[in-house]
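J.: Quick one: the structure is below, and I'll ask about it shortly.
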Amino acid sequence: MNNSIILEAINISKFYEDGQVKAVDDISLQVYTGEVLIIGGPSGSGKSTLLHLLGGLDLPSSGKVYFKGKSIQDVYGSKGFRVKNIGFVFQAFYLWQNLNVMENVMLPLMELPLTRRQRISRTKEIIEEVGLTDKIKAQVKLISMGQRQRVAVARALVANPSVIFADEPTGSLDSCNKENILQLLRRFNRQNKVTVVMVTHESPAVEYFDRKIQLLDGRICV
Amino acid sequence: MNLFTIIVKNLWHQKIRSLLTVLGVGISISAYVSLRGLTYNLEKALQTTYKTRGTDLVVMEKSTLDIFSSTIDQSYVARLKLMPRVQQASPILFYFYAIQFKQYFLIIGWEPGCYLLEDLKIDGSSLQGEHDALLGSIAARRLKKSKGDKINIRGEEFYIRGIFQSMNMLEDGTIIVPLSALQKIKNTPGKITAINLRLDFGDSLKMSLKQRKYIAQDVQNSINAGFGDLEVKDVQNFIATPFSTIFSFTWAISMVALLIAIMGIINTMTTAVLERTKEIGVLLAIGWRKLRIIKLVILESIIYGILGGITGVILGYVIMRILVTLPQIQGFIVMTYDPSFIANTFGLSVLVGMLAGIYPAVKAVSIQPIEVLRYE
């Protein structure tokens, strides 16, 4: 972790139903390059909405989000921006059921100007890193939940993004697999200097993160 | 892996649905193939016949729906023969009649010795007397008659002089009798259906196609100007006229068939897109461009079109083969394998797939990742 800011939210709010519901309420936040930031809080506190706003999946009703100093609204649509800079891991994995492990992991690389050989080589490399080499040709519907989440992590990391946004990545896993995924994300964070912003309603052990913020009713309370 | 790999896996993942969609599209395309194929073959066969026979212009009654509705006076034949550039003028008379067991035949009245008889390959001899008849090979087979036998047409007995083979199967299903005999049977003395004209182009070897067309047009203009109740057509235009009603009808039905194919693919692809909403949402979230998603959906749709096209062409030809053997219609329809028609059908199948893919593709790219990923 260093002191350069990779992501910055300035007074962002997200309202629904004509302003009746405030999912995120006037939050300002800096995310530093190479850190693992945990966004915690009870259900309905706005943590997933904040993650989506930071990741450019949603636009704030007011305020601005900056990625490496540029407004995310300006760079969001530019060619290859998302693939090169942002990776997502979701609680429900969202893998293509009819594709195998390797094909699922390779999906983001299809947006990059790489040769077939380069794509395969990079995909095999990341699959090896998440420990799924023996499952490389397996259909994702036939592997365990923990392995599926590893595939999702590999997919998020395959294009070497700067930031990984993980939305409850351990929410569907047993305690053993939870530890494995948290270890994996921490390892990549340290090894590849990738920044991780993770939403969780649980409290991971302190070795798995650098900083934690707590949300309540759309505001940072801690 | 490329888009094609994903598409193949998508199709394989839903095998039954894919198979049913391909079958549905195939049946629609087969309807197109059999209907359009028959009229296409008919048109081609007629063109070949008229061109080889040397008929340049066809004269018929003005403003009639098709040639079978045309009735003109036979006296025009002599007058047309006197016109410059007209080398031959042969009257023809058509009559549909059920000879036996309600089997309908097209009976054609020609003048014995006319140039139209020249290119028929006759097993036997040509028309000589008033009660002579020539049977096309298919007609002979249907009637189980051979040369030397007799047939009865509306109370008149005819002696079968020979069995002929023409340049098209359509004509092989007909019966040719002397014009005057057919006029008597129809009770329309002095009336004919049309007149075939063969023009004199002089030394045609030295003449370009353009010059021939110019001369034909000149004769056409003269007849149109001099004979107010006649209509003259060159062979190309004439071919479409006799079967214009059939062509329009089959065209309309085949278009409905194609529309059904398009709707079938739209239904399958829209369902597939709706089923994959979250997966597509993730692709958009991880940075896939909308254009790539559009390509993915439209390509899958095109694959359905191509597979449906292959099924449809095979099925269509099987249907045609069955149709041409039915006694009720044998001899009225022809069947050939034309590579250009098959190629056009495949092109059309691709187009069907492409058109059908537009709506699901638009639907796919309108997915907002945040909407589908928000609720888990």
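The values are calculated or read from the model by the stated rules, or taken from the named source; none is laboratory data. Since we're looking at a predicted model, the values are computed, not measured. Note that each Cβ is placed from the backbone with ideal geometry, even for glycine, and that neighbours are counted across all protein chains shown. When the accessible area is computed, the model is the full protein with side chains, heavy atoms only, and any ligands, DNA or RNA have been set aside. Shrake-Rupley method; radii C 1.70, N 1.55, O 1.52, S 1.80 Å.
J.: Mind running the shape call on chain B? Use the C-alpha gyration tensor, a ≥ b ≥ c as the square roots of the eigenvalues: rounded below 1.5 for a/c, prolate if a/b tops b/c, oblate otherwise.
T.: Values: a/c = 3.42, a/b = 2.28, b/c = 1.50.
Prolate.
J.: At a probe radius of 1.4 Å, figure out the B/A buried accessible area, summed over both chains, and give it in Å² to the nearest 100. All intermediate terms of the calculation are to be shown ahead of the outcome.
T.: On the way: alone 18740 and 10710 Å², together 26710 Å².
Result for this pair: about 2700 Å² buried.
J.: Based on DSSP loop calls and a cut-off of at most 13 other Cβ atoms within 10 Å, the longest stretch of chain B free of exposed trypsin sites (Lys or Arg not before Pro) is what?
T.: Details: sites that count: B:Lys102, B:Lys144.
With trypsin sites (Lys or Arg not before Pro) excluded where exposed in loops, chain B gives B:145-376 as its longest stretch.
J.: What is the percent of Cα-Cα separations in segment B:104-196 that go past 18 Å? Let's see the in-between values first.
T.: Working: 1602 of 4278 pairs.
I get 37 percent for the Cα pairs in segment B:104-196 exceeding 18 Å.
J.: Can you tell me the accessible area per residue over segment A:113-166, all protein chains present, probe 1.4 angstrom, in square angstrom?
T.: Details: 2530 Å² over 54 residues.
Accessible area per residue, segment A:113-166: 47 Å².
J.: Toward the positive end of the charge dipole of the protein assembly as shown, about the Cα centre and with charges on Cβ (Lys, Arg +1; Asp, Glu -1), which of B:Ser30, A:Ser61, B:Gly309 goes farthest?
T.: Towards the positive end, the residue furthest out is B:Gly309.
J.: Are there residues in segment A:91-121 whose accessible area shrinks by at least 40 Å² when all protein chains are included rather than the chain by itself, and which are they (probe 1.4 Å, ligands and nucleic acids not counted)?
T.: Flagged in segment A:91-121: A:Tyr94, A:Trp96, A:Asn98, A:Leu99, A:Glu103, A:Leu107, A:Met110, A:Glu111.
J.: Let me ask something else about it. R0 = 56 Å: FRET efficiency of B:Asn224 with B:Val362, Cβ-based, nearest 0.05?
T.: Details: r = 52 Å, r/R0 = 0.93.
My answer for the efficiency is 0.60.
J.: Could I ask something else about it? Give me the lysines in straight-line cross-link reach of B:Lys145: C-alpha distance below 29 Å, same-chain residues under 8 apart excluded.
T.: Qualifying lysines at Cα under 29 Å: B:Lys44, B:Lys102, B:Lys121, B:Lys184, B:Lys186.
J.: Size of the dipole of chain A about the Cα centre, Lys and Arg at +1 and Asp and Glu at -1 on the beta carbon, nothing else charged, in debye to 20? Walk me through the numbers on the way to the answer.
T.: Values: 28 positive and 22 negative charges, 191 e Å.
Computed charge dipole of chain A: roughly 920 debye.
J.: Debye sum, Cα scatterers, segment A:13-118, no solvent: what log₁₀ I/I(0) at q = 0.10, 0.11, 0.24 1/Å?
T.: -0.39, -0.47, -1.39
J.: While we're looking at this one, here's another question. Quick one: if the Förster radius is 41 Å, what FRET efficiency do B:Tyr104 and B:Gln217 give, using the C-beta to C-beta distance and rounding to 0.05? All intermediate terms of the calculation are to be shown ahead of the outcome.
T.: On the way: r = 37 Å, r/R0 = 0.91.
Working from the Cβ atoms, E equals 0.65.
J.: In whole percent, what relative contact order does chain A give with Cα contacts below 8 Å and a gap of six or more residues?
T.: Values: 436 pairs, mean separation 68.3, N = 222.
Once divided by the residue count of chain A, the mean separation gives 31 percent.
J.: Calculate how steeply helix A:145-157 sits against the longest principal axis of the alpha-carbon atoms of chain A, using the helix alpha-carbon long axis, and give the answer as 0 to 90 degrees to the nearest 10.
T.: 80 degrees
J.: Counting other Cβ atoms within 10 Å, which trypsin sites (Lys or Arg not before Pro) in segment A:113-147 have at most 12 and lie in a DSSP loop? Spell out each step's value before the answer.
T.: Numbers: sites: A:Arg116, A:Arg117, A:Arg119, A:Arg122, A:Lys124, A:Lys135, A:Lys137, A:Lys141; in loops: A:Lys137.
Qualifying residues, ordered by number: A:Lys137.
J.: Using a Gaussian network model of chain B whose springs link C-alpha atoms within less than 10 Å, name the residue from B:Met83, B:Met169, B:Met255 with the highest mean-square fluctuation.
T.: Highest fluctuation among the options: B:Met83.
J.: Right, something else. Please calculate how many Å² of accessible area segment B:38-148 carries per residue, with a 1.4 Å probe and no DNA, RNA or ligand atoms counted.
T.: Numbers: 5090 Å² over 111 residues.
Here the residues of segment B:38-148 average 46 Å² of exposed surface.
J.: Helix-only mean residue ellipticity at 222 nm, chain B, DSSP H runs n ≥ 4 weighted -39,500 (n - 2.57), per residue, nearest 500. What is it?
T.: Details: 13 runs with 210 residues, N = 376.
When only DSSP H runs of four or more count, the value is -18500 deg cm²/dmol.
J.: Quick check for you: which residues of segment A:1-43 have the amide N under 16 Å from the point 7 Å beyond the Cα of A:Lys70 toward its beta carbon?
T.: A:6-8
J.: Sticking with this one: Please list B:Met354, B:Met269 from largest to smallest accessible area, probe radius 1.4 Å, with all protein chains kept in place. Could you put the intermediate results ahead of the total?
T.: Working: B:Met354 85, B:Met269 0 Å².
From most exposed to least exposed: B:Met354, B:Met269.
J.: How much of the accessible area of the protein assembly as shown, in percent, comes from carbon and sulfur atoms when a 1.4 Å probe is used?
T.: Details: 15120 of 26710 Å².
Carbon and sulfur together cover 57 percent of it.
J.: Let me ask something additional. Taking 8 Å as the Cα distance limit and 6 or more residues as the minimum spacing, I'd like the relative contact order of chain B as a percentage.
T.: Working: 651 pairs, mean separation 105.6, N = 376.
Contact order relative to length: 28 percent.
J.: How many nm separate the modelled label positions at B:Phe201 and A:Ser4, each set 7 Å beyond the Cα in the direction of the Cβ?
T.: 8.1 nm
J.: State the number of lysine pairs found in segment A:53-195 whose Cα atoms come within less than 27 Å, restricting to pairs 8 or more positions apart or on distinct chains.
T.: For segment A:53-195, the number of qualifying lysine pairs is 26.
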